[in-house]
Amino acid sequence: MTITEFKTACETLQQEYQTKISAAQSASEVEDLRVASLGRKGALTDLLKSLKDFSIEDKKTAGPLGNALKAALTAALDEKQSFFATKELNEELNKTEIDLTLPGEPVACGHRHPLSVAQDRMTEILSQLGFEWAEGPWVEDEKHNFDLLNIPLHHPARDAQDTFFVDGKMPLVLRTHTSNVQSRYMEKHKPPLRIMAPGRVFRNDSLDATHSPVFHQIEGLYVDKNVSMADLKSDLTAFMKGLFGDKAEIRFRPSFFPFTEPSVEVDVKCVFCQGKGCNVCKGSGWIEMLGAGVVHPNVLKNCGIDPEQFSGYAFGMGVERLAMMMLNIKDIRTFYENDLRILKQF
Amino acid sequence: MKILYSWLKDFIDLDLTPEELVKKLTDLGIEVASVETTGADFEGVYVAQIIKIEDHPNSDHLHLVTLDLGGGKTQRVVCGAPNVAVGQKVPLAKVGARLGKIVLKPAVIRGVESEGMICSSDELGLTHTRAHGILVLDENLTLGTDVSTLYGKPDSLFELEITSNRPDLLSHLGVARELGALLNKPVKFPEIKKIAGEGKSLQVEILNPQGCPRYTGRVIRGVKNVESPEWMKTRLAAMGLNPKNALVDITNYVMFELGHPLHAFDLRLVEGGKIIVRNAQAGEKFTLLNGRELELNENCLMIADEKKATALAGIMGGQNSGVQDDTTDIFVESAYFNPPTINKTVKKFAVSSDSSQRFERGTDIEGALTALHRASELFVELCGGVASEITDVYPTPYKNPQVVFAPQEINKILGTNISDERLKEIFSRLALSFTTDGDKWTFVAPTHRRDLNHKWDLAEEAARFAGYDQIPVSPTKASLAFTDAPKGIELGRRFARRLIGLGFCECKNIDFLGEKEIKAFGFDPKFCIKVKNALAQGWDYLRPTLLPSLLKNVESNLRFGNNNLALFETTKTFLSMKGFPVENYAVSGVLCGSLAQEKFFAAAQKPVDFYLLKGLVQTLLNSVEAITLAPAKNVPGYMHPKICMDILLNGKSIGLLGQIHPLTLKTFGIKAEAVWAFEFATKMIEKSFSAQDFKPAQAVAIFPPSLRDLSVVVDKTVSYAQLVSALDKTPLDVNLDYHVIDLYQGEHLPEGKKSVTFSLSFSHPERTLKDSETEDAFKRIVEQLRGQVKAELR
């Protein structure tokens, strides 16, 4: 066999088997073709036997040619083989019968309390607005809960906060608001200061749909040089946008708190009707959200801060009230009943 | 405070609708709780009787109704009300009638002309509910009567919520003054006839001038205690008072009008001809005119004659001196009492009146005399009689302080840009005196405004009258610093996150418990914080532990069929140490049923057992290195005596875990097989906690371990802890990791023995172990266990 004849034989062989492999109809046909071409008595094996008679020079040409042909046929066979294997597997998988609409297996999963969900969101927003954490005792002396905050003894403003009194060495109360953190913090820290203080507060109010003797507030306090009502409005606007979205708008209404002057009630444009008037806002388009104001000069003085040099604002908001709004909860008692059917929703 | 619109108009010209007035008041910071409209605000509506009802040719729900207007006149209207019936007398609004702001025009309804309208009460403005159907009137009314005459003049009653700093708004005059300043309208004070007076009044002696800085009064002789006139009775009724007789009614009327409370004594009952303002003696008894008997203390300010006390000053008169039907001579008091003095007594006895509410907030000391004049005028006009000279004891006239400030200080407080002109305008309307000298402005408030003492108060006035919408919204500025959250709060949050990850639901409970519960949980009430004025029994103490509340949550959830519970709470607990409160954060949890909340096919849910509880607690606390668990030294009575462990931090107990005692469950009404619980205080953990500390990462083995199982037989009395303590002490050249995979006792084992199987995992950080090394380690372990706990290979 000449080298030319060898080349021709290779080409013929390649063409013949490529055609046959392409046409193969099953895995076993592919296996038969593998034996017929690459097997011990296969066509390619036979052809390669002729190599031994070639000159060294010719072997250098014929050898790689034969190897390339072998590799090409192997690859074609493997590919076809894998095609049939995949097909067979898929046919098997397609026989699977399963109702995917049956329920998933329940997994133990815990839930954050709705009040925590709301409070976490609020502290997260305030945190991003630069408020630092602060806290104060829940059982408080009258000095920090009332006196330093410009709520004098024998004043109706003091009576307005139905107070729980407790036995102790000194006159103690359960704090009626988180504002005790203001007096506590300002005694120890000097301006600039910008704090938030979430926590529980207590009022001697019977439990009903809108009152609870225990509830939660978040106090905010910012004292520095040149802090004004405008800063209060700006920061609370930012806060409400965080809570209710970019369209949130607030308005100030004059009010009275002994520890702020001027004092305001802050309303937010009704998030349910965008201010058009609905059941939630009782047609007014606004919802009362929190109380705030410029820190009363007496409070600053009482805590050792010069009101001519520094000024500040403070706000206090009820977490329950905001949570009821955010989470569409109608009855404050829902928060303290801890019914799993409610807890699981958050 | 109730305000009648028509009464307000005595003082100021207003052409606002009730809605507009509410808006103005709200903008001023006066909250309007409700508005009630009374009377008839309509014209051209007459009584008519329905004589015929026919179907409307083009509608299945409208009717053609023919009415008799009296005098032989009839009219036909279209009506859709479901309740029309022949014979009814109804209000007919003729074409041209005015209903509120609407004037009725001729109308063609579905092709039929309607010559008017039969009205519902809503359409007449008599009610604000969507009443169904027409208003049916009394059948005895004469046809053709003007319906508006049946209801009186239109009026509105506003219920205002007045903040405690503004007692001057507790009267019609006060509200008029505020509106006058806003609308720049003059306030017309009533033309008060100042009666000169004839004859002597009573002598007045003030023994406590601090409690009573001013006392005015006069005698009016020869009065007749008649019934009050209709106009006065109507107004007092609107204020919510029951009119009694002219002498009493006049004092109340003047109070609601001018804001100053008055009191009238029957002169017959004032003994000795002298009024003495003094403090009570401790133990002195006094009967109020409502019949209540008080035992007074030295703080109570009294009005007295020479023999006895006649009134609890500023709060309520006594039973022994009030005016009666046959009273002919009276002494009228118009005084100013010190607010804290009144407040003390009000709080002490929980007595309150319209009068005390004004005095304890502060009345107008100058207004006392005006009120006396006004009352005298009404007494003489309505009851006849002759007024005496006036007694006026007012040793130190009151003046408000001067407020000196610069206009820019106002804008600085508010962050606004209100012009000087606007500020001047506002302040001059509010001031008793107001002068400007360049930037030096001086303001003195009138005596009825004791709340305007410094520039911050004036800033509020400026904002109120200029409008709070003047305050701009600018970008947030902040003085940033960084501090961590308080450790107690931060740890609570971390444990809460972990617990939620482990399948627990967070609870929040009211912080109160009863004495029984406290005792049942091993606390001595002496060391707990007691609420003096508890809301209810069972809410007397602040919780020293969170577990009772959580057990109540278990009970209520079981009642609602929530049988699989994993609940936790993290908040403060309270103790009292030597009379001082101690507040500590605690983390507490309970488990009941199985951890997965819902059922899945018939698969049995694995109920929580002690080891699941222990695993959960260990996982919860695995970030705190110094924590160990050990069988409880002293098991508290509410826990299972054998299933309770201490949670130890550096060997000191900070809490416990285990099974709740079945009797405790019974006490709480819990019908569950078992409830598992844990609780620990975080105080000690806080001490070593820092948000800046992180556990350094440990490198993991990269060479595969060699695994061996080891089964040993030991005495039943040998605990797992003893076994692994021996195992841990084995001297080894390789790393060992293990866990228990089987525990067996019973058949094929000798009596009193148990078999424990461990899966051992040997490894080396730098290479793969040779079999011989593994064998050697295994042998050493077997030797160690044999030596230490007499373990035999099984």
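The table below gives the values:
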{"quantity": "The range B:625-667 shape via C-alpha gyration tensor axes, a/c threshold 1.5", "calculated": "prolate"}
{"quantity": "Rg and Dmax of the range B:237-369, Cα atoms only, in Å", "calculated": "14.0, 40"}
{"quantity": "Equivalent-ellipsoid semi-axes of the range B:89-222, from the Cα gyration tensor, Å, largest first", "calculated": "53, 21, 16"}
{"quantity": "Only Lys, Arg (+1) and Asp, Glu (-1) charged, at Cβ; the range A:3-93 dipole about Cα centre in debye", "calculated": "400"}
{"quantity": "Chain B: relative contact order in percent, alpha carbon pairs under 8 Å with at least 6 residues between", "calculated": "8"}
{"quantity": "Charge dipole (debye, nearest 20) of the protein assembly as shown; +1 at Cβ of Lys and Arg, -1 at Cβ of Asp and Glu", "calculated": "1740"}
{"quantity": "Cα gyration tensor of chain A - equivalent ellipsoid semi-axes, whole Å, descending", "calculated": "86, 26, 19"}
{"quantity": "Distance (nanometres) between label positions extended 7 Å along Cα→Cβ at A:ASP147 and A:ALA75", "calculated": "9.4"}
{"quantity": "Magnitude of the charge dipole, the range B:42-152, Cβ model with Lys/Arg +1 and Asp/Glu -1, debye to 20", "calculated": "260"}
{"quantity": "Expected-Rg normalisation [2.2 N^0.38 Å, Cα atoms] applied to the range B:706-793", "calculated": "1.11"}
{"quantity": "Relative packing of peptides B:779-789, A:221-231, B:763-773, A:331-341 - highest average C-beta neighbours within 10 Å first", "calculated": "A:221-231, A:331-341, B:779-789, B:763-773"}
{"quantity": "Rounded if a/c under 1.5, otherwise prolate or oblate - the range B:636-734, Cα gyration tensor axes", "calculated": "oblate"}
{"quantity": "Rel. contact order, % - alpha carbon contacts under 8 angstrom, at least six apart, the range A:114-343", "calculated": "22"}
{"quantity": "Hull-based mean projected area of the range A:31-174, where the convex hull spans the alpha carbons, in square nanometres", "calculated": "25.9"}
{"quantity": "All-pairs Cα distance distribution in the range B:83-167, expressed in whole percent, bin size 10 Å", "calculated": "13, 39, 28, 10, 7, 3, 0"}
{"quantity": "Cβ crowding within 10 Å averaged over residues, with B:502-513, A:172-183 ranked highest first", "calculated": "A:172-183, B:502-513"}
{"quantity": "Ratio Rg/Rh [Cα only; Rh per Kirkwood] for the range B:487-688", "calculated": "0.95"}
{"quantity": "Positive dipole terminus of chain B, leading residue within B:TRP539, B:PHE694, B:CYS383 (C-beta point charges)", "calculated": "B:PHE694"}
{"quantity": "Two-site label geometry, B:ASN242 and B:LYS642: point separation in nm, points 7 Å out along Cα→Cβ", "calculated": "7.2"}
{"quantity": "B:ASN563-B:ARG493 FRET efficiency (beta carbon distance; Förster radius 45 Å; 0.05 resolution)", "calculated": "0.95"}
{"quantity": "Where Rh is the Kirkwood radius over Cα pairs, Rg/Rh for the range B:524-622", "calculated": "1.09"}
{"quantity": "For chain B, projected area of the alpha-carbon convex hull averaged over all directions, nm²", "calculated": "58.5"}
{"quantity": "Convex hull of Cα atoms in the range B:336-427, direction-averaged projection (nm²)", "calculated": "10.8"}
{"quantity": "Equivalent ellipsoid semi-axes - Cα gyration tensor, the range B:731-778, angstrom", "calculated": "30, 11, 8"}
{"quantity": "In degrees, nearest ten, helix B:367-383 long axis to first principal axis of chain B (Cα)", "calculated": "50"}
{"quantity": "Net charge over other residues, Cβ less than 13 angstrom from the Cβ of B:THR328 (K, R count +1; D, E count -1)", "calculated": "-1"}
{"quantity": "Listed residues B:ALA466, B:ALA626, A:PHE252: farthest to the positive end of the dipole of the protein assembly as shown (Cβ charges)", "calculated": "B:ALA626"}
{"quantity": "Compactness index (Cα Rg / 2.2 N^0.38 Å), the protein assembly as shown", "calculated": "1.39"}
{"quantity": "Dimensionless Rg ratio for the range B:378-529, taking C-alpha atoms and the 2.2 N^0.38 Å reference", "calculated": "2.00"}
{"quantity": "Average Cα contact separation per residue, the range B:42-152, under 8 Å, 6 or more apart, as relative contact order %", "calculated": "32"}
{"quantity": "Overall dimensions of the range B:6-149 as given by Cα atoms, namely Rg and Dmax in Å", "calculated": "18.1, 56"}
{"quantity": "Volume in Å³ per residue [convex hull over Cα atoms, computed for the range A:185-273]", "calculated": "145"}
{"quantity": "With Cα atoms, 0 to 90° folded angle of helix B:339-349 axis to chain B main axis", "calculated": "60"}
{"quantity": "Two-site FRET efficiency, A:THR2 against A:LEU93, from Cβ-Cβ distance with R₀ of 51 Å, rounded to 0.05", "calculated": "0.45"}
{"quantity": "Fully extended contour minus Cα-Cα distance, from B:LYS516 to B:LYS606, at 0.36 nm per residue", "calculated": "29.0 nm"}
{"quantity": "Nearest 10 degrees, 0 to 90: helix A:56-93 Cα axis against chain A principal axis", "calculated": "50"}
{"quantity": "Within-14-Å neighbourhood charge of A:CYS273 [Cβ basis; K, R +1; D, E -1]", "calculated": "+2"}
{"quantity": "Kirkwood-Stokes translational diffusion coefficient of the range A:3-93, alpha-carbon pairs, 4 °C, 1.567 mPa s, µm²/s", "calculated": "92"}
{"quantity": "³J(HN,Hα) computed for each position of the range B:713-726 - Karplus, 6.51 cos²θ - 1.76 cosθ + 1.60, integer Hz, glycine/proline x", "calculated": "10, 9, 4, 4, 6, 6, 7, 4, 4, 5, 4, 6, 5, 5"}
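Read the figures in this text as sums done on the coordinates, not as results from a lab. In this text, all values refer to a predicted model and were calculated from it rather than measured experimentally. In this analysis, Cβ positions are derived from the backbone assuming ideal geometry, glycine residues included, and neighbour counts consider all displayed protein chains.
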